[in-house]
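Some notes on the structure that comes next.
The values are calculated or read from the model by the stated rules, or taken from the named source; none is laboratory data. Just so it is clear, the model here is predicted, and its values are computed rather than measured. Glycine gets a Cβ as well: all are built from the backbone with ideal geometry, and neighbour counts include every protein chain shown. Side chains are part of the model used for accessible areas, which takes the heavy atoms of the whole protein and leaves out ligands, DNA and RNA. Shrake-Rupley method; radii C 1.70, N 1.55, O 1.52, S 1.80 Å.
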Amino acid sequence: LNVTRFHTLSLLGLPMKVVGSGARLLRGPDGSDLYYDTGSVTLGGGESVDVLVDTTGAAPGRYFLYTSNLQLLSNNVEDFGGMMTEIVVN
């Protein structure tokens, strides 16, 4: 969920399936699923997206979910901050 400006989140090595947007499932007029696979999502102010990450069959390791807005990967002068987290697959 984003509240201020545009952010792009990327996940390398694991596919993301977008299943919802704006707190609603992605469905067509006939009720069919309009889900789609992607490697990144971009959100603007007030937008939300629901994403599933399936790790079935993924090699064990660490996968990083991060912003591709590289200036946001730090907390200015402080170490270890910014918009990044990891998904650990055992």
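Numbers for the structure displayed
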item: Listed residues S21, S32, S68, most fluctuating in the chain (Gaussian network, C-alpha, under 10 Å); result: S32
item: Per residue accessible area of the chain, 1.4 Å probe, in Å²; result: 70
item: Stretch gain in nm, segment Y35-I87, where the contour uses 0.36 nm per residue and the Cα spacing is subtracted; result: 16.5 nm
item: Check: the chain dipole with +1 on Lys, Arg Cβ and -1 on Asp, Glu Cβ, in debye; result: 100
item: Portion, in percent, of the accessible area of region 12-72 that falls on carbon or sulfur, probe 1.4 Å; result: 54
